[in-house]
Amino acid sequence: MAAACRSVKGLVAVITGGASGLGLATAKRLVAQGASAVLLDLPNSDGEAQAKNLGKSCTFAPADVTSEKDVQAALTLAKDKFGRVDVAVNCAGIAVATKTYNSKKNLPHALQDFQRVLNVNLIGTFNVIRLVAGEMSQNEPDAGGQRGVIINTASVAAFEGQVGQAAYSASKGGIVGMTLPIARDLAPIGLFGTPLLTTLPEKVRTFLASQVPFPSRLGDPDEYAHLIQSIIENPFLNGEVIRLDGAIRMQP
């Protein structure tokens with residue numbers, strides 16, 4: 001007998017970078033489908049206002065994803081307000097556009113900039129995963145033994161980074177690389193699927209739209225949110241990389 005698909009209705013999702021972009025689009029879709037959402041974003045973000053706009057099923061958790069204290073406080077807030085955490089969607093991220101070495105200016109890539117991108121994008125993602133795993137492990141498993149879902153966001157730059165994207169590509173490639181072993185780490189607990197989404201960088205130049213084979217345009221955050229819902233609802237998707245990119249392959 002085939003397993004039943006899971007509904008997002010009634011689930012509680014913590015979404016990093018939830019005050020804007022892909023994170024906000026995800027929150028809007030999940031709330032519209034009957035889920036509750038916690039927008040985890042920086043204190044100076046628009047998170048509080050966006051949460052109010054989404055109503056009683058949404059709340060804002062001011063936090064830096066690189067801080068253990070902040071993330072744990074956000075998860076505690078989610079449990080206090082909604083009772084548990086079923087889904088974590090990692091959308092928080094930053095980027096810099098700097099060549100490894102600029103020969104015209106005799107200037108190497110600033111090491112602190114490289115470290116900052118990896119710290120937010122890669123280490124921040126792992127920080128959320130390791131902490132939310134503990135919260136999800138306390139959930140009662142569903143009929144299939146699943147206690148929750150974690151979704152990470154990388155980029156096509158993880159595979160085809162462009163000039164000036166060394167730091168960004170390294171951080172997103174790290175997310176791709178750690179997804180399967182994390183899924184394997186947690187599988188014996190019967191915890192959750194850990195799929196990974198790859199999307200175009202939010203600040204991508206508009207000319208990239210012409211390089212997308214079909215449809216020849218940039219992706220829409222609502223399409224990302226749609227895929228998030230589909231991943232949550234499919235209990236057999238685990239440890240996977242999904243390219244949501246219109247078949248684009250980035251050129252140097």
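Summary of values
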quantity	calculated
Karplus-derived HN-Hα couplings along segment 134-147 (A = 6.51, B = -1.76, C = 1.60, θ = phi - 60°), whole Hz, x at Gly and Pro	x, 5, 5, 5, 7, 6, 6, x, 7, 4, x, x, 8, 10
Sparsely packed trypsin sites (Lys or Arg not before Pro) within segment 47-135, loop by DSSP, other Cβ within 10 Å at most 12	Lys56, Lys104, Lys105
Net lengthening on full extension, Gln251/Asn234 (0.36 nm per residue, minus Cα-Cα)	2.8 nm
Rounded to 5, the percent of DSSP beta bridges in the chain classed as antiparallel	5
Principal axis box of the chain, alpha-carbon based, largest edge first, Å	59, 41, 37
CD proxy at 222 nm, helix term only [per DSSP H run n ≥ 4: -39500 (n - 2.57); per residue of the chain; nearest 500]	-11500 deg cm²/dmol
Fully extended contour minus Cα-Cα distance, from Asp142 to Gln72, at 0.36 nm per residue	22.8 nm
Using a Förster distance of 25 Å, the FRET efficiency for Ile123-Ile242 (Cβ separation, nearest 0.05)	0.65
Computed label-point distance, nm, for sites Asn53 and Gln112 using a 7 Å Cα→Cβ extension	3.4
Residues whose placed amide H lies under 5 Å from that of Ile151, excluding near-sequence neighbours	Ala88, Val89, Asn90
Angle in degrees between helix 166-186 and the longest Cα principal axis of the chain, rounded to the nearest 10	30
Flagged links, alpha-carbon separation over 22 Å, of Lys81/Lys172; Lys28/Lys69; Lys105/Lys172; Lys9/Lys56	Lys81/Lys172; Lys28/Lys69; Lys105/Lys172
Size of charge dipole - the chain - debye, nearest 20, with Cβ of Lys, Arg +1 and Asp, Glu -1, no other charges	440
Shape metrics for segment 74-198, restricted to C-alpha atoms - Rg then Dmax, Å	17.3, 61
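Laboratory data are not the source of any read-out in this text; all were calculated from the coordinates shown. These figures come from a predicted structure and were not determined experimentally. Cβ sites come from the backbone with ideal geometry, for glycine too, and all protein chains shown count toward neighbours.
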